[in-house]
Each structure stands twice: as structure tokens, then as C-alpha cells.
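Trainee: Right, I'll just put the structure down here and ask away after.
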């Protein structure tokens, strides 16, 4: 694992109008690392993702991706640098077919040695192959989440970000998503994930950052987090 972070968020401050949400938040992800962002609802997790992607630009601090400052770049430029987002609520294109959703934003700007293709996405999620010609709005929630992940992977991202990876999904589908993330990590994919399932996150993530009211209050490894049940209770409501 390289010493230079792939993503480095340093002391960012983000507001919605006059309401400040993030207060000097910092986190980093090394190449090939899987990191979670944890915290109760309303603490700033999604705002952090929106700041990284340029959707709600941070007003202060630094956001560097692969060594390049991106805080003031347009969202599409940030995505083109190699960040794939699986947004909260999935936000697939309802009036496009599964296949059209997957190819709509597909790209291999870095000329990967082993790029993602439709066939590889179908192998990862066989259900999408079965629903290839179906419109996005006819899919179940679990199928839509698979499609959102597949759509992000088709951009061949250097960093994959998942906001609420398994929220609202049936247990069997959740397990399928976790297995998919484990496989992606084994492939060397860098991942930032938000989810509420501490047990699964600790099983597959390298490190975790917990945020409370827009501030990073704890950062450490899975072993360190599992060894501190009081910390989980205080900040995660467990």
C-alpha cells in the first residue's frame, strides 16, 4: 500500500446557506484501502460525500485526489478524475433499461489493464443479466442497488464511494452487497463506504472514521473499534 493517500480530505468546512454542517473534518484513503465513514443520522456523512464530489462545495480546507486539489472543481470533473459514486437512494435512470443505465456513463479513461465490462458486471450480479432489458423503475430496491454499483464500476473508478450501501435492503441482498464489496477490495479497489452495520464494516474495512455533529471524533482500525463498545454506544447508538 502506497504511503501517499489516494484521497485526502483536510479540515473541510461545508455549509448549506448559513447553516454550517462540517467543522474542520479530515480523513484519508490510501490506494487499495477500504475505509468507512460512520455516525448517527444527520451528523454530516452524506455532506462529506457531497463535498468530496463537489456537489456541495466545501468553503474551506483542502480535498486532494491523487495529489490534485479538487475542492473547487465541478462535480463532473471530479468524477472524470476517477471517483465513482453510488449515491444514497441509488438514483438510477428510471426510464432507461438496465443495459442503458450501465453503458450511459461507462468509460475507461485510465486504460485499465482489466477494465469493467457489461459481461463482468453481469458475472458480479447475475440478476442484472436476467433483467438486462427491463426499465430501471421496474427493478426491486436490491436490484437497483446492484445496478447503481455496476453503473459506478463501469466508469472504472480509482475510488468507489457508497453512501448507505445496504440501507433498506432485504437481508439476503445485503449479504450479496457485502460479498461484492469484499471481492472488490480483494481486487485492490479503493473504497469509501457509509453504512450502519458495524459488524460487517469491521469485518471488511481497514479503517474507520466516526463523525459527530460534523467533526471527526474518532479514527482507527477495525480491531480498535471492536475493542471499544463504549465508543460504539456513544457515537453509533449501539
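The values are calculated or read from the model by the stated rules, or taken from the named source; none is laboratory data. The structure presented is a predicted model; accordingly, all values stated were derived computationally and were not measured. Glycine gets a Cβ as well: all are built from the backbone with ideal geometry, and neighbour counts include every protein chain shown.
Trainee: Yes or no: residue 182 surrounded by fewer than 20 Cβ atoms within 10 Å (Cβ to Cβ) and within 20 Å of residue 88 (Cβ to Cβ)?
Mentor: So residue 182 does not fit the description; no.
Trainee: Considering only segment 20-54, state which residues are at pLDDT 95 or above and out of contact with any strand residue (DSSP E or B) (no Cβ under 8 Å at 6 or more places or on another chain).
Mentor: Of everything in segment 20-54, just one residue is at pLDDT 95 or above and out of contact with any strand residue (DSSP E or B) (no Cβ under 8 Å at 6 or more places or on another chain), namely 54.
Trainee: Can you tell me which residue within segment 197-219, out of those that are in contact with a strand residue (DSSP E or B) (Cβ under 9 Å, 6 or more places away or on another chain) and free of Cβ contacts under 8 Å to residues at least 40 places away in the same chain, is nearest to residue 122 (Cα to Cα)?
Mentor: That would be 202.
Trainee: Taking the condition of being in contact (Cβ under 8 Å) with a residue 12 or more places away in the chain, surrounded by fewer than 20 Cβ atoms within 10 Å (Cβ to Cβ) and part of a loop (DSSP other than H, G, I, E, B), how many residues in segment 18-39 meet it?
Mentor: 3
Trainee: Still on this structure, I have one more. In contact with a strand residue (DSSP E or B) (Cβ under 9 Å, 6 or more places away or on another chain), touching a residue at least 12 places away in the same chain (Cβ under 8 Å) and either surrounded by fewer than 21 Cβ atoms within 10 Å (Cβ to Cβ) or over 24 Å from residue 236 (Cα atoms) (or both): which single residue out of 62, 74 fits that description?
Mentor: 62
Trainee: What tally of residues in segment 102-124 results from selecting those that are in a loop (DSSP other than H, G, I, E, B), modelled with pLDDT of 90 or more and farther than 18 Å from residue 85 by Cβ?
Mentor: Of the residues in that region, 2 qualify.
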